[in-house]
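Following: one structure in structure tokens, then a few remarks.
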Amino acid sequence: MLTGQMMAFPLTITHLWQRAREFFSQQEVVSRLPDKSLHRQTYADFAARTARLAHALTRLGVGPGDRVATLCWNHRQHLEAYYAVPMMGAVVHTLNLRLHPSELLYIARSAADTVLIVDRSLWKLYEAFGPQVESLRHVIVVPDTGPAPGETLDYESLLAAESAEYPWPALEENTAAMLCYTSGTTGNPKGVLYSHRSTVLHALVSCMTDTLSLRQSDTVLPVVPMFHASAWGLPYSAVLAGAKLVMPGPHLDAISLLDLMETEKVTVAAGVPTLWLGILAALDAAPTRWNLASVRSMIIGGSAAPASMIEGFATRHHLEVTHAWGMTETNPLGTVANVKHSLAGRSPEEQLHLRASQGYAVPFVETRHVNDPGLALPRDGHTFGELEVRGPWVAASYYSGDGADRFTADGWFKTGDVVTLDAEGYMRITDRAKDVIKSGGEWISSVALENALMSHPAVLEAAVFAAQHPTWTERPVAAVTFKPGQTATPEELRAHLEGRFAKFWLPDAYVVLAQIPRTSTGKFLKTKLREDHGDILLRPSATPG
Ligand code: ADP
């Protein structure tokens, strides 16, 4: 082999930070505080405060590889931790504030966190698990709603005492940078340990025009929490691009977000479908209340974005949705549903169909789908199989060591998603493997049924799950919530689905709920639906579909 003669320049987060400081020092980071006021700082302030935080953490004894946990909303201090901790050679570990204290205790113990940065507004949650984490040596409180309690350290006072220059170490690019745990809907939560290299490559590819298309003129609103899959890497990709960042703090309701999008002239916002369904309902109720002319892309992922929602935003509000798929294990970006240039001539319906799929893989992520013995399946658009992925920002193993069965001998990660792939590479998720409905031996796609139900004008959300059935083993049942002041009968819902699906796909019953139970990361919690309603077809009073 003849080795190339180019520099072995490490891909580190430090470079993103240096670039932001050097070229975009006047760019803004805007954070919404709990009292709804806005705090503004520049990238120059961000750079100086990041150095101060690194000094403070060094003084507290944080060394290479140590885990520094955060329990925070999206705001500037969280962004500072995203940079200071990895740039020191330590690991930032984001704790999901929507988890139960017992889960947080399990995760913090598993990670052996030594320092925790927590919002004052989340202090009660901290108290419910933090004192039991044996490895924790220091707790630093971000004073978002008042001063730090007694024995703890105040984030702002710590920073005020430190210098704004830090001698950042030269890091090797495979140094660990960030630790995120999966939400553990199947078994115990598992840690995924991102590296500097994986984070930087992920950020670079996120900025590409044909992926998420982030650029310097953007104003990026990560609504997706920084405690979930690193807010889809946006705190790194937006800083790499030199874009303005708008952090929503704890205010994630539709009205607050729409106000923020308008006043800060947001161009790109990102979050899970349930949030955008709320935003669409708010816009439909008051179509002229907000001027959203600045918004050019709303990135939606985490669960399937219904086609009716994508269409509703486009036709009624001139807003474009970018639908993407990913996982904590994939840093998270894996596929994006942009329409290829060669397909741009297709009919509007076909284009909507493509945009509502999970899309095709971004550069450096490879996809295949396999059957039970692990053999690759044809890309014909209708053969289902489990999706496997590989690439430079896909986990090669879990931090905690378990879950080894999710990695194949030939170097692929088994996602647990059941998909079809078509000849163009477009992927369509039909289910998560643990949620598939198998009726009389035939698979029924809950995602396809949900999308169709959500196109009914009265339906706000729909989750289709497997209920026990005496003859067919399992049959689909739909849980639905209605838009305010609206309703529909099971017969009407069934009529809406008829003609779109084979008869045996149609749900046997409809359960009307005030709210569909969700996981901590906003996905339908089908285990709970099955627990509460899984026997509905065995009960004499079952509502027929
Ligand atoms: P968790 O910790 O809940 O597993 P992740 O964010 O890692 O959280 O979840 C990843 C899963 O979310 C994927 O395996 C897939 O099932 C689902 N998902 C993500 N994006 C989409 C999407 N665009 N459409 C459908 N499902 C999605």
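For this structure, a couple of remarks:
- The lone exception for H251 - which of (1) touching a Gly at 6+ places or on another chain (Cβ under 9 Å); (2) surrounded by fewer than 19 Cβ atoms within 10 Å (Cβ to Cβ); (3) in contact (Cβ under 8 Å) with a residue 60 or more places away in the chain it fails: (1)
- Scanning region 400-419 for residues that are within 13 Å of the ligand (Cβ to nearest atom) and among the hydroxyl-bearing types (S, T, Y) yields one hit, T415.
- Residue among L277, L257, L212 that is free of Cβ contacts under 8 Å to residues at least 60 places away in the same chain and either closer than 20 Å to L16 by Cα or among the hydrophobic types (A, V, I, L, M, F, W, C) (or both): L257
- Scope region 150-164; condition among the polar types (S, T, N, Q), out of contact with any helix residue (DSSP H, G or I) (no Cβ under 7 Å at 6 or more places or on another chain) and outside any helix (DSSP H, G or I); matching residues: T152
- H78 fulfils the conditions (1) in contact with a strand residue (DSSP E or B) (Cβ under 8 Å, 6 or more places away or on another chain); (2) at pLDDT 95 or above; (3) over 26 Å from V239 (Cβ atoms) except for a single criterion, (3).
- Within region 114-149, considering residues that are in a helix (DSSP H, G or I) and of a type in the set (F, W, Y), the one farthest from D66 (Cα to Cα): W123
- Every listed requirement among (1) closer than 22 Å to N338 by Cα; (2) surrounded by fewer than 24 Cβ atoms within 10 Å (Cβ to Cβ) is met by S237 save one, (2).
- Scan of region 294-340 for residues that are assigned to a helix (DSSP H, G or I), near the ligand (Cβ under 10 Å from one of its atoms) and among the polar types (S, T, N, Q), ordered by number: T328, T330
- Candidates G425, G411, G345, G374: the one that is outside any strand (DSSP E or B), at pLDDT below 95 and not assigned by TED's automatic domain parsing to the domain that holds A463 is G374.
- Yes/no for C207 being within 16 Å of the ligand (Cβ to nearest atom) and under 17 Å from G334 (Cβ atoms): no
- The residues of region 32-46 that are of a type in the set (D, E) and more than 18 Å from K244 (Cβ to Cβ) amount to a single one, D35.
The values are calculated or read from the model by the stated rules, or taken from the named source; none is laboratory data. These numbers were taken from a predicted model, which means no experiment stands behind them. Here Cβ is always computed from backbone atoms with ideal geometry, including for glycine, and neighbour counts include all displayed protein chains.
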